[in-house]
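The values are calculated or read from the model by the stated rules, or taken from the named source; none is laboratory data. Keep in mind that what you see is a predicted model, and the values were worked out from it rather than measured. FYI the Cβ positions are ideal-geometry reconstructions off the backbone, even for glycines, and counts take in every protein chain you see.
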Amino acid sequence: MPERLELRNVGPAPGLDPDLQRRMNLITGDNGLGKSFLLDVAWWALTRKWPRDLNPRLTSGCPARPTDRTSPAKLRFALTTDAGNSRSFESTCSVQDESWTGQPGRPWSPGLVIYAHADGGFSAWDPARNCWRRKGNIDVQERLPGYVFSPQDVWRGLEAPIDGRSTRVCKGLLDDWSGWIREKGENARLMSEVIGALSVRGEPWDVGPLLRLSVDDAQDIPSIRTEYSDAVPIVHASSAVRRITGLAYMLAWSWSEHVRAADQLGLRTAGQAILLFDEIEAHLHPRWQRTIVPAILKVMDRLTHADTGVQLIAATHSALVLAAVEPHFDEERDRLFHLDIRDGEVGLDIVPWAAQGDVLGWLVSDVFGLRQARSIEAERAMDAARACMLGKGLENPEGLRGRDEIHEALCRALPGHDPFWPGWIVRSEQNGRGQ
Ligand SMILES: Nc1ncnc2c1ncn2[C@@H]1O[C@H](COP(=O)(O)OP(=O)(O)OP(=O)(O)O)[C@@H](O)[C@H]1O
Ligand SMILES: [Mg+2]
């Protein structure tokens, strides 16, 4: 698993050096500061391929381009290999070749790596199926360098070139899950268990009958029962349900295919599993945002063997995700990162862990940096009211003229029970009397 990444002259920051913890790493920061890019670099450090190079249908995961093409661009990383050895490597970008220098010889195996992209695509690197194979005593690089799924491929299956032939390397969620349901075997049970653990109530969804969407379409579609229907075809399910179903399938598929391949090749199963997760809260209702991170850690532990080290590196914009991990956060194993702009440059901080208690606390903490967890109008009206109460003149920077205008703005922006009212009303009356 990755321990440290070093980026120089690539991405939005001139340099970043995240030291990662061995279990949970959460990356926060404003839009466009490089959270997804950092995950792309982590994937590259582990697999030495850029996702987009392996599947052009992906909308993210492009090869890193130097920021200043006249200066050296470097990516350095240190990791613990699946065999438990510490290794580090430095790669520089060749501007002429538009590529990153590689390391000669067999790449180290980092363990099983799964990357959940923000748009619903996934990438997976399997130490049994993607690592070089050995012919006689010679390492040969003729396996697939990784599985990279666009959102469409997750559902309909993935084809990749093997020995010059386009080969269906994954049947996709619809075919696999339908087949598993028909077989009523171990995979159906595993899928149901993973969905159950990831679901908001921690219970498996009730699986309905296999459906056909049209008489002209032979594709069997699994369905789920909901509170209002006995059979919602999974392709019609909500964005959140589809996102979690895709994740459950990718986790179940990656791990079960890995175990099968390792068994077939006489290899041991991965000692490490790394999950890179972009926008971990995407599509999820607050109720679900509250459970998702602990659920993912639990599922990864449950899927893999007891001694498999599980590392999560996730980007989030959600204050609720952070509030929800408070009881689980262990400073010995977990870390919170924050990307921020200082003096016009993007930098990455390790946030000293301090529980904030609730969503409000996180929103007004340095991590999210809001002055108020309210509307802009409320914040401005309150600023103007405070300035007025402190006697800083009735002309305030918000352009609200006079106590009456401020009062009107407060009425529009604050609910009647807001704790700001008593102070404002008392002070207004005192000032009114004083005039
Ligand atoms: N392949 C790349 N090579 C070089 N720089 C890149 C590359 N991809 C992204 N960037 C840089 O990263 C910036 C965007 O970063 P990124 O998409 O990681 O932001 P983010 O923090 O994930 O934002 P959001 O919260 O909106 O998802 C771009 O503006 C660009 O400067
Ligand atoms: Mg992003």
task: Tell me, yes or no, whether the range 242-255 has at least one residue that is part of a helix (DSSP H, G or I) and within 16 Å of ligand 1 (Cβ to nearest atom).
output: yes
Every residue from the range 322-357 that is under 18 Å from PRO294 (Cα atoms), loosely packed, with under 14 Cβ neighbours inside 10 Å and acidic (Asp, Glu): ASP330, GLU331, GLU332
field: Close pairs (6 angstrom Cβ cut-off, 6 or more residues apart or separate chains): on the phi > 0 side of the Ramachandran plot in the range 32-55, near ligand 1 (Cβ under 8 Å from one of its atoms) anywhere
entry: GLY34/GLY11; GLY34/PRO12; GLY34/LEU339
Filter result for the condition that a residue is more than 14 Å from ligand 1 (Cβ to nearest atom) and surrounded by 16 or more Cβ atoms within 10 Å (Cβ to Cβ), over THR70, THR81: THR81
message: Looking only at helices (runs of 4 or more DSSP H) that lie completely in the range 265-365, which have at least 1 residues being within 16 Å of ligand 2 (Cβ to nearest atom), assigned by TED's automatic domain parsing to the domain that holds ALA42 and among the β-branched types (Val, Ile, Thr)?
response: 319-325
- prompt: Got a sec? Which of ARG23, ARG106, ARG57 is out of contact with any Asp or Glu (no Cβ under 6 Å at 6 or more places or on another chain) and in the same structural domain as ALA315 (by TED's automatic domain parsing)?
  reply: ARG57
- request: Return the only residue of ARG57, ARG52, ARG87, ARG76 being of a type in the set (D, E, K, R), more than 12 Å from ligand 1 (Cβ to nearest atom) and within 21 Å of the chain's Cα centre (by Cα).
  value: ARG57
- request: Please go through the range 154-189 and pick out each residue that is β-branched (Val, Ile, Thr) and within 25 Å of the chain's Cα centre (by Cα).
  value: VAL154, VAL169
task: Inspect all residues belonging to the range 380-390 and state whether any of them is in the same structural domain as ARG23 (by TED's automatic domain parsing) and in a loop (DSSP other than H, G, I, E, B).
output: no
- request: Could you list all residues from the range 308-321 that are away from ligand 1 (no atom under 15 Å from the Cβ) and farther than 19 Å from VAL194 by Cα?
  value: LEU320
message: Step by step: first the residues of the range 10-49, then only those that are aromatic (Phe, Trp, Tyr) and either closer than 21 Å to ALA319 by Cα or within 11 Å of ligand 1 (Cβ to nearest atom) (or both), then the one that is farthest from the chain's Cα centre (by Cα). Which residue is that?
response: TRP44
message: Go through the range 134-150 and report how many residues are assigned to a strand (DSSP E or B), touching a residue at least 24 places away in the same chain (Cβ under 8 Å) and farther than 24 Å from GLY309 by Cα.
response: 2
- request: Go through ILE296, ILE341 for me and flag whichever is over 14 Å from the mean Cα position of the chain (by Cα) and touching a residue at least 24 places away in the same chain (Cβ under 8 Å).
  value: ILE341
message: Going by what's in this entry, would ASP153 be described as outside the structural domain of THR70 (by TED's automatic domain parsing), within 30 Å of ILE296 (Cα to Cα) and either in contact (Cβ under 8 Å) with a residue 60 or more places away in the chain or surrounded by fewer than 18 Cβ atoms within 10 Å (Cβ to Cβ) (or both)?
response: no
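Okay, residues lined up against (1) farther than 26 Å from ARG4 by Cα; (2) in contact with a helix residue (DSSP H, G or I) (Cβ under 9 Å, 6 or more places away or on another chain); (3) aromatic (Phe, Trp, Tyr):
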| position | (1), (2), (3) |
| --- | --- |
| THR59 | yes, yes, no |
| ARG69 | no, no, no |
| LEU79 | no, yes, no |
| ARG87 | no, no, no |
| PRO110 | no, yes, no |
| ALA118 | no, yes, no |
| ARG129 | no, yes, no |
| GLU159 | yes, yes, no |
task: Give the residue that is surrounded by the fewest Cβ atoms within 10 Å (Cβ to Cβ), with candidates limited to residues of the range 8-63 that are among the basic types (Lys, Arg) and away from ligand 2 (no atom under 16 Å from the Cβ).
output: ARG57
